[in-house]
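Notes for the one structure printed next.
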Amino acid sequence: MVRDYAQLHDPNAEYTMRDLSAVSMDVSVSRGSRDVTITDVQTTMVDGNFPWTLVRVYTDSGIVGTGEAYWGAGVPALIERMKPFLFGENPLDIDRLTEHLVQKMSGEGSIGGVTVTAISGIEIALHDLAGKILDVPAYQLLGGKYRDRMRVYCDCHTADEADPIACADEAERVVEELGYDALKFDLDVPSGREKDRANRHLSEPEIAHKTSIVEAVTDRVGSRADVAFDCHWTFSAGSARRLATALEEYPVWWLEDPVPPENHDVQREVTQFTSTPIAAGENVYRKHGHRKLVEDQAVDVIAPDMPKVGGMRETRKIADLADTYYIPVAMHNVASPIGTVASAHVGAAIPNSLALEYHSYQLEWWEDLVEEDVIDEGSIEIPEESGLGVTLDMDAVDEHMVEGEELFDEA
Ligand code: MG
């Protein structure tokens, strides 16, 4: 009879050499199923409301992993360039392979930008693949889950984004008809006379107009929804401080990217000047790019974009760093269902996850790209199937490919 390890380690248990050899044989069988090598990597770009680069990693076992890289020209060519560094490797060594790609691609600029984005797409596909090989959901590879559902916030748009009433009407519709309890609106909208964007200055009337949008939307939704506002790196340090101060009397969930993303000293000064919560992070890369933002407490909320920043484990590392400073994570996201569900796995596996962005509510076929339902009543149920737990609908991918793209192989 084969005994389990608890029995073998029980000093009172009786067992024979035959028992021991049977157990070690089980271990070798199990290792055999993990003896898999990568045979190919392919990409197909889909023409969504952003160009989504879907990535597939193929193996000699027949198991295929699917990932997604943040939109960006040049991603497929970079992935093509990385193929030789992956052929023959074991896809279960996710951390080592990711670091291997960073080192091999250093000449192409792998500490930031589109090269990290391309690596992110592969890294996500490796998580899907590893989950399928080990028959566990991807969140299990990240340490297990804190929650069964990931809260999703809806990035909202109106025909006239500068009209406070139109914004409030859309907020009402998204809450009541679509079931979201978390929203975001843009605040870098035209506010009066044509703005000289180069000097980044906000006049008092411009601040008053932006404040009227915040007031209209937060008043309308009341306690039914949290609302964040995005500035897309538009304003000077002083203007950002004045705007954030004007918004202090409203229940702003967070004010996102009020200043340009390069100077983290300025980011810290703005954040620490105001009681309005400040978010940033979608325009920096890897844990190294987020280190100063976190260590200087230059943000109240950190917002990495998972399929851009370096992938699932890299986002987990950023979240862990942020958690040592008690900073919550609200992942930026403009991905297809593949990158979105992969982000939801990460959000489930980190303690300090606040919400995940959804940026495609006006694209009717977004969810058609996969066979499963993804977002329901403003949240994503974390799949329990192996890997990411979502399956591409190849007909839908074929229908919505960027012109000139080729559909990747089935398996
Ligand atoms: Mg943003």
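Any read-out appearing in this document is the output of simple, stated calculations on the displayed coordinates, not a laboratory observation. Note that the coordinates shown come from a computational prediction; the quantities given were computed from them, not determined experimentally. Heads up, the Cβs are rebuilt from the backbone with ideal geometry, glycines too, and the neighbour counts pull from every protein chain shown.
The shape of the stretch 141-385 can be summarised by an equivalent ellipsoid whose semi-axes, obtained from the alpha carbon gyration tensor, come to 28, 23, 15 Å from longest to shortest. Evaluated at q = 0.09, 0.14 Å⁻¹, a Debye calculation over the C-alpha positions of the chain (equal weights, vacuum) places log10 I(q)/I(0) at -0.58, -1.23.
With the convex hull drawn over the C-alpha atoms of the stretch 320-365, the volume per residue is 66 Å³. As a rough footprinting exposure proxy, the listed residues Glu262, Glu123 were ranked by other beta carbons within 10 Å of their own, and the order from fewest upward is Glu262, Glu123. Each Lys and Arg contributes +1 and each Asp and Glu -1, all at the Cβ; summed about the Cα centre of the chain, the dipole is approximately 1900 debye.
On full extension, the segment bounded by Thr37 and Ser212 gains 57.2 nm, given 0.36 nm per residue less the C-alpha separation. Cross-linked pairs Lys184/Lys210; Lys132/Lys317; Lys184/Lys287; Lys292/Lys317: Cα-Cα separations exceed 19 Å for Lys132/Lys317; Lys184/Lys287. Summing charges over neighbours of Leu354, with a neighbour being any other residue whose Cβ is under 10 Å away from its Cβ, gives 0 when K and R count +1 and D and E count -1. Here the residues Cys167, Cys156, ranked from fewest to most Cβ neighbours within 10 Å of their Cβ, fall in the order Cys156, Cys167. Taking Lys and Arg as +1 and Asp and Glu as -1, the other residues whose beta-carbon sits under 13 Å from that of Glu176 total -3. Taking a sphere under 10 Å around the Cβ of Ala216 and counting the other residues whose Cβ falls inside, with K and R at +1 and D and E at -1, yields a net charge of -3. Label-to-label distance for Leu178 and Arg224 is 1.4 nm, based on points extended 7 Å past Cα in the beta-carbon direction.
Could I get the Rg over Rh figure for the stretch 208-260? Both from C-alpha atoms, Rh via Kirkwood, rounded to two places.
Over the Cα atoms of the stretch 208-260, Rg/Rh equals 0.97.
FRET efficiency for the Gln103 to Ile165 pair, using the beta carbon distance and R₀ = 56 Å, is estimated at 0.55. Counting neighbouring Cβ atoms within 10 Å and putting the fewest first, the residues Val46, Val136 line up as Val136, Val46. Applying the criteria of a DSSP loop state and at most 12 other Cβ atoms within 10 Å to the chymotrypsin sites (Phe, Trp or Tyr not before Pro) of the stretch 36-83 yields no site. Between rounded, prolate and oblate, where does the stretch 273-411 land on the alpha carbon gyration tensor, with a ≥ b ≥ c its root eigenvalues, rounded for a/c under 1.5, else prolate if a/b exceeds b/c? Taking the square roots of the gyration eigenvalues as a ≥ b ≥ c, the stretch 273-411 is prolate. Here's the picture: a label point sits 7 Å out from the Cα of Phe87 along the beta-carbon direction, and within the stretch 387-411 the residues with their amide nitrogen under 20 Å of it are 408-411.
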